[in-house]
Ligand code: TXA
Ligand code: MG
C-alpha cells in the first residue's frame, strides 16, 4: 500500500518517460552529453551521470544540494566492467560473484589510470562500486557504455525515492529525464562493504547482512559503529533520510496530534490521552510498514510511508519498534537518522 502512495503535488511530468527501448536510448544519449538521468534500481531510484566527467558529476552535487566531499557510488553493468576500475582481491571477487547484480556496494582501491573523475570519488584512493539488479538500470548501463555515478535521486538529506513521482517532487527540473519503472523492490539503499583494508566492515547496512557476507567471505564482517567523527558518506551523517515532521522512535502509544508508522499489530496500541485506539486514527494519520511483521515488506514501504505521513498538520510521526535483526538493522539505521535532531531542517 505504501508503494502506491499518491503525489503531494503535480510533478513536472514532461520529464518522466516510462522505461522502453526508445526511452533508454534517449536516456543514454543524455548521459553521453553529460546530462542527468534518474533511473530505477532494485534499492531506490538513482540520479545518474557519466562518472568519468567531472562536469557531469558536478551537476549531481548541485541538483541534490549535496556536499562535494561526499563520494558517490559508481554503477557498472557487470564484474568485468568493475575490474577495469578498481582492484579486486579474492574476498571482493567472492562477494561480487555471490551478490551481483544486487544490493551490495564494494569499497575497493582505484586501479591506476581509473577514468572515474576525482569529484565522483571525492579525491579518495578508493571507489564505491556496484552492479544493480534492475533490468532497466542494466539496459541503461549497457546502452550508454559509461560507468554511472548515482546517489539516490532526491535532495540531499531528505527521504530517498522509491517511485518516479518521488524523484519528480524532489528534484523537479534539475534532472533531464526520469526513467520510470514502478516502485523499487528493496526500498533501502545498498549495503556498503568496505574491503579496501584487511578488516571487512559494513559502512552502511542494507538488504545484504553481515551474516550473508560472512557465509560467502569466510571471515568476520562487522558493522561500522558509524560515529559522527567519521562521516564517510552522506548516508553516514547523523541526520539523513529525514522527513520535515519530527520522528519519535520506539513508540508504544500515540500522542494527540501524532501520526503513527506501525510495524506489526496495533491491536493493543492506544492514544495517549485515553481518547481511543490507534487503529481508529484517520487513514491519513496511520500507515503500517508490515502488518505481519515482514522486514522485507517493511523496507520496501519505509520511505514512501514516511513521505505519506510527512504533513505539517502532524505534530510528529510516532514509529513503532522494528527488530534489530536482518533487514531490520538497515531499517533502524535509516529511522535513527530520520529521528536525529527531530524538528530541524536537514543540513
Ligand atoms: O542503493 C544504492 O546504493 C543507491 C542506488 C541509487 O544505487 N545509491 C546510493 O548512492 O545510495 P550514494 O552515492 O548516495 O551512496 C553513498 C555511499 C555512502 O554511504 C558511503 O558509505 C559510500 O557510498 N562511499 C562512496 N564512496 C566511498 C569511499 N570511497 N569510501 C567509503 N565509502 C564510500
Ligand atoms: Mg541518499
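The values are calculated or read from the model by the stated rules, or taken from the named source; none is laboratory data. On a predicted model such as this, the values are computed, not experimentally measured, just so you know. Methodologically, a virtual Cβ is constructed for each residue, glycine included, from the backbone with ideal geometry; neighbour enumeration extends over all protein chains shown.
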Q) What are the residues in region 211-248 that are assigned to a loop (DSSP other than H, G, I, E, B), touching a strand residue (DSSP E or B) at 6+ places or on another chain (Cβ under 9 Å) and modelled with pLDDT of 85 or more, if any? A) 219, 220, 224, 243, 244, 245, 246
(Q) Can you report the number of residues in region 75-110 which are surrounded by 18 or more Cβ atoms within 10 Å (Cβ to Cβ) and under 23 Å from residue 186 (Cα atoms)? (A) 16
Q) What is the number of the single condition among (1) closer than 26 Å to residue 294 by Cβ; (2) in contact with a strand residue (DSSP E or B) (Cβ under 7 Å, 6 or more places away or on another chain); (3) within 16 Å of ligand 2 (Cβ to nearest atom) that residue 186 does not meet? A) (2)
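Given the options 289, 302, 335, name the one that is closer than 22 Å to residue 189 by Cα and more than 16 Å from the chain's Cα centre (by Cα).
Numbers: 302 fails: more than 16 Å from the chain's Cα centre (by Cα); 335 fails: more than 16 Å from the chain's Cα centre (by Cα).
When all the criteria are applied, what remains is 289.
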Q: Return a yes/no flag: does region 121-131 have any residue that is at pLDDT 95 or above, within 9 Å of ligand 1 (Cβ to nearest atom), in contact with a helix residue (DSSP H, G or I) (Cβ under 9 Å, 6 or more places away or on another chain) and within 16 Å of residue 192 (Cα to Cα).
A: yes
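Just one of 298, 321 is at pLDDT 95 or above and outside any loop (DSSP other than H, G, I, E, B); which is it?
Values: 321 fails: outside any loop (DSSP other than H, G, I, E, B).
298 is the lone residue from the list that is at pLDDT 95 or above and outside any loop (DSSP other than H, G, I, E, B).
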Q.
Here is a check on your reading of the model: is residue 180 on the phi < 0 side of the Ramachandran plot, within 16 Å of ligand 2 (Cβ to nearest atom) and touching a residue at least 12 places away in the same chain (Cβ under 8 Å)?
A. no
(Q) Among the residues that make up region 135-146, is at least one of them within 10 Å of ligand 1 (Cβ to nearest atom), more than 18 Å from residue 202 (Cβ to Cβ) and surrounded by fewer than 24 Cβ atoms within 10 Å (Cβ to Cβ)? (A) no
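Please state which one of 71, 40, 67, 115 is surrounded by fewer than 16 Cβ atoms within 10 Å (Cβ to Cβ) and within 16 Å of ligand 2 (Cβ to nearest atom). Don't jump to the end; show me each part of the working.
Numbers: 71 fails: surrounded by fewer than 16 Cβ atoms within 10 Å (Cβ to Cβ); 40 fails: surrounded by fewer than 16 Cβ atoms within 10 Å (Cβ to Cβ); 115 fails: within 16 Å of ligand 2 (Cβ to nearest atom).
None of the others qualify; the one that does is 67.
Quick one: which of 270, 328 is without any contact (Cβ under 8 Å) to a residue 40 or more places away in the chain and over 26 Å from the mean Cα position of the chain (by Cα)? Before the answer, list the steps.
Values: 328 fails: over 26 Å from the mean Cα position of the chain (by Cα).
Unique residue meeting the criteria: 270.
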Q: Residues that are touching a helix residue (DSSP H, G or I) at 6+ places or on another chain (Cβ under 7 Å) and either within 16 Å of ligand 1 (Cβ to nearest atom) or modelled with pLDDT under 95 (or both): find the strands (runs of 3 or more DSSP E) completely inside region 1-95 holding 2 or more of those.
A: 37-39, 46-50
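Conditions tested, residue by residue: (1) within 15 Å of ligand 2 (Cβ to nearest atom); (2) over 18 Å from the mean Cα position of the chain (by Cα); (3) not in a helix (DSSP H, G or I).
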{"site": "138", "(1), (2), (3)": "no, no, no"}
{"site": "141", "(1), (2), (3)": "no, yes, no"}
{"site": "156", "(1), (2), (3)": "yes, no, yes"}
{"site": "162", "(1), (2), (3)": "yes, no, yes"}
{"site": "165", "(1), (2), (3)": "no, no, no"}
{"site": "170", "(1), (2), (3)": "yes, no, no"}
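For residues in region 172-190 being within 21 Å of residue 244 (Cβ to Cβ) and crowded, with 20+ Cβ neighbours inside 10 Å, which is nearest to the chain's Cα centre (by Cα)? Steps first, answer last, please.
Initial filter on region 172-190 (within 21 Å of residue 244 (Cβ to Cβ)): 172, 174, 187-189.
Those still in the list that are crowded, with 20+ Cβ neighbours inside 10 Å too: 187-189.
Details: 187: 7, 188: 5, 189: 3 Å.
Applying the filter and picking the extreme gives 189.
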Q. Are any residues in region 147-164 more than 10 Å from ligand 1 (Cβ to nearest atom) and either at pLDDT below 95 or in contact with a strand residue (DSSP E or B) (Cβ under 7 Å, 6 or more places away or on another chain) (or both), and if so, which ones?
A. 147, 155, 157, 158, 159, 164
